[in-house]
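Participant: One structure follows; several queries about it will come next.
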Amino acid sequence: MIIVLKPGATPPEIQHVVDRIVELGFKPHLSQGEHRTIIGVIGDESRVLAEPFQAIAGVEQVLPIMKPFKLASREFNNKDTIVQVGKVKIGGGFLAMIAGPCAIESFPILDEIAEAIKAAGANILRGVAFKPRTSPYSFQGLGEEGLQILRDVGNKHDMPVVTEVMDPRQVPLVEKYADMFQIGARNMQNFDLLKEIGQTRKPVLLKRAMSATVKDLLMSAEYVLSEGNPAVVLCERGVRSFEESTRNMLDMSAVPNVKGMSHLPIIVDPSHATGRRDLIPPMACASIAAGADGVHIEVHSCPEKALSDGPQALLPPVFAELMPRLRKLAEVMGKSFS
Ligand code: PEP
Ligand code: MN
């Protein structure tokens with residue numbers, strides 16, 4: 001449920017509403033716009049709706065939000081959320097270009113890739129140190145040593161870094177090194193992990209699970225938001241289908257679909273969605289045209305030696321050729337890479 005306050009509601013009136021919400025055992029979520037304040041009330045819906053909040057001074061309207069996701073919904077906040085990662089803004093007209101190798105392999109390899117992608121215009125560096133692999137015999141990542149390499153390379157090239165966290169117990173460690181958490185497709189419904197990330201104030205890139213609906217994705221975002229962390233960026237990365245020539249089926253309609261329902265930024269990952277480097281440039285262009293707030297692309301300087309996802313990694317020169325096309329499309333969409 002949301003409580004809409006009158007345009008002239010005073011700070012003590014607003015505080016009184018917040019205090020009353022807490023007193024009743026619910027959680028308040030304040031959203032202060034230029035002209036008015038709205039307060040989300042999170043708790044058992046039937047109990048929340050039974051309370052006469054409209055009787056409190058300064059309250060204009062009390063609106064039930066029918067959608068199961070509340071804080072993520074446009075009803076709660078009609079203005080596009082901008083998530084800040086280091087100096088980079090994502091959403092509200094600002095585009096992210098997250099690029100880097102699948103796994104962090106060594107300082108020299110990551111350094112070489114970072115230098116190339118930064119020069120081409122990428123604004124966030126990715127690389128994973130804890131790899132969720134289908135097989136326990138595949139490379140599992142370098143762990144903390146990898147996180148240190150990522151931090152050092154990010155600092156050297158003045159790029160914020162994003163990396164995956166797979167387990168609630170890893171959150172403090174990953175938080176020490178990363179500017180943004182990534183929750184991978186396989187962990188989108190790891191609710192304990194979502195709650196733990198929600199307790200931090202670090203931005204999170206939340207990837208859609210391969211069999212999740214758009215509503216499931218927004219419900220997972222709601223877990224993070226309801227714990228108090230507002231900085232969620234969603235990511236469409238393809239869903240399972242009958243098609244065998246691509247790794248997954250890129251659901252491009254998820255972008256405008258999410259935008260209609262939620263104020264959260266959404267980016268597209270054509271690398272994991274297609275699994276094929278020939279399909280990444282056209283799908284990256286389509287993502288910007290569909291209204292995405294950014295793109296996530298795997299790049300490797302020597303894909304044949306990559307320890308994971310080599311076949312879908314773009315070579316740095318191909319990435320560099322793609323960027324000017326994306327910039328032109330961004331301009332058409334009235335956006336820019338931040
Ligand atoms: C990744 O981005 O490294 C990754 C494993 O992607 P996903 O979780 O989307 O499969
Ligand atoms: Mn990968």
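Participant: Test of understanding: what is the full-extension gain from residue 278 to residue 227, defined as 0.36 nm times their sequence separation minus their Cα-Cα distance?
Facilitator: 14.3 nm
Participant: If you plug each phi of region 129-138 into the Karplus form 6.51 cos²θ - 1.76 cosθ + 1.60 with θ = phi - 60°, what whole-Hz ³J(HN,Hα) values come out, in order, with x for Gly and Pro?
Facilitator: Values per residue, Gly and Pro as x: 10, 10, 9, x, 9, 5, 10, x, 8, 7 Hz.
Participant: Set Lys and Arg Cβ to +1 and Asp and Glu Cβ to -1, take the dipole of the chain about its Cα centre, and tell me which of 168, 137, 308 lies farthest positive.
Facilitator: Farthest along the dipole direction, towards plus: 308.
Participant: Mind checking the angle between helix 316-332 and the chain's longest principal axis? C-alpha axes, 0 to 90 degrees, to the nearest 10.
Facilitator: Between the helix axis and the principal axis of the chain, the angle is about 30 degrees.
Participant: Diagonalise the Cα gyration tensor of region 137-256 and give the resulting equivalent ellipsoid semi-axes, square root of 5 times each eigenvalue, largest first, whole Å.
Facilitator: In descending order, the three semi-axes are 25, 19, 14 Å.
Participant: Using the charge dipole of the chain (Lys, Arg: +1 at Cβ; Asp, Glu: -1 at Cβ; taken about the Cα centre), state which of 249, 99, 223 has its Cα farthest towards the positive end.
Facilitator: 249
Participant: Related question: Looking only at region 195-231, which residues have a backbone nitrogen under 13 Å from a spot 7 Å from the Cα of residue 253 in the C-beta direction?
Facilitator: Label zone hits: 214.
Participant: Towards the positive end of the charge dipole of the chain, with charges on Cβ (+1 Lys, Arg; -1 Asp, Glu), say which of 122, 286, 334 has the farthest Cα.
Facilitator: Highest projection toward the positive end goes to 334.
Participant: Run the numbers for residue 84 and residue 169: contour at 0.36 nm per residue of separation, minus the present Cα-Cα distance, in nm.
Facilitator: Gain on stretching residue 84 to residue 169: 28.1 nm.
Participant: Next question, about the same structure. Which of rounded, prolate or oblate describes region 74-214 when judged by the alpha-carbon gyration tensor and an a/c cut-off of 1.5?
Facilitator: The shape class here is oblate.
Participant: Length gain on complete extension for the stretch residue 54 to residue 289, per 0.36 nm per residue less the alpha carbon to alpha carbon distance?
Facilitator: The span from residue 54 to residue 289 would gain 80.3 nm if fully extended.
Participant: How big is the Cα convex hull of the chain in projection, averaged over all directions, in nm²?
Facilitator: 17.4
Participant: What is the percent carbon and sulfur in the accessible area of the chain, measuring with a 1.4 Å probe over the protein chains and ignoring ligands?
Facilitator: 54
Participant: Further, regarding this structure: Straight-line reach from residue 118: which lysines have Cα under 20 Å away, leaving out those fewer than 8 places along the same chain?
Facilitator: Within the straight-line limit of under 20 Å, residue 118 reaches these lysines: 87, 89, 156, 328, 335.
Participant: Go through 207/305; 131/305; 27/207 and tell me which ones have a Cα-Cα distance over 22 Å in this structure.
Facilitator: 207/305; 27/207
Participant: Running a GNM on the chain with Cα contacts under 10 Å, which residue among 269, 19, 216 ends up with the highest mean-square fluctuation?
Facilitator: 19
Participant: If you don't mind, another one. Going by alpha carbons, how many degrees (0 to 90, nearest 10) lie between the helix axis of 144-156 and the longest principal axis of the chain?
Facilitator: Computed tilt is about 90 degrees.
Participant: For region 41-116, what is the accessible area per residue in Å², given a 1.4 Å probe and the full set of protein chains?
Facilitator: 45
Participant: For the chain, with only Lys/Arg (+1) and Asp/Glu (-1) charged at the beta-carbon, what is the dipole magnitude about the Cα centre, in debye rounded to 20?
Facilitator: With Lys and Arg at +1 and Asp and Glu at -1, about 420 debye.
Participant: For region 2-63, restrict the atom set to alpha-carbon positions and state the Rg and Dmax in Å.
Facilitator: Cα only, region 2-63: 10.6, 31 Å (Rg, Dmax).
Participant: Another one. Mind checking which aspartates and glutamates have their Cα closer than 15 Å to the Cα of residue 195? Skip sequence neighbours fewer than 8 apart in that chain.
Facilitator: Leaving aside aspartates and glutamates fewer than 8 places away in the same chain, those within reach of residue 195 are 167, 175, 222, 227.
Participant: While we're here: Quick check: net charge around residue 103, other residues with Cβ under 13 Å of its Cβ, Lys/Arg +1 and Asp/Glu -1?
Facilitator: Charge balance near residue 103 sits at -1.
Participant: Moving on. Quick one: Cα convex hull volume of region 204-338, Å³ per residue?
Facilitator: With only Cα atoms used, region 204-338 gives 119 Å³ per residue.
Participant: Hey, can you find the accessible area per residue of region 192-338 for me, probe 1.4 Å, expressed in square angstrom?
Facilitator: 38
Participant: Moving to a separate point now. Treating the angle as unsigned and between 0 and 90°, give the value, to the nearest 10°, between the Cα long axis of helix 280-289 and the longest Cα principal axis of the chain.
Facilitator: Result, in degrees: 30.
Participant: For residue 114, what is the net charge nearby, where nearby means another residue's Cβ is under 15 Å from its Cβ and Lys, Arg count +1, Asp, Glu -1?
Facilitator: Net charge around residue 114: -4.
Participant: Let me ask something additional. Can you list the residues, at least 5 places off or on another chain, whose amide H is less than 5 Å from the amide H of residue 239, using H built in the peptide plane?
Facilitator: Hits under the 5 Å cutoff: 249, 250, 251.
The values are calculated or read from the model by the stated rules, or taken from the named source; none is laboratory data. This one's a predicted model, so the numbers in the text were calculated from it and none came from an experiment. We place every Cβ from the backbone using ideal geometry, glycine too, and count neighbours over all the protein chains shown. To get the accessible areas, we keep the full protein, side chains included, count just its heavy atoms, and leave off ligands, DNA and RNA. Shrake-Rupley method; radii C 1.70, N 1.55, O 1.52, S 1.80 Å.
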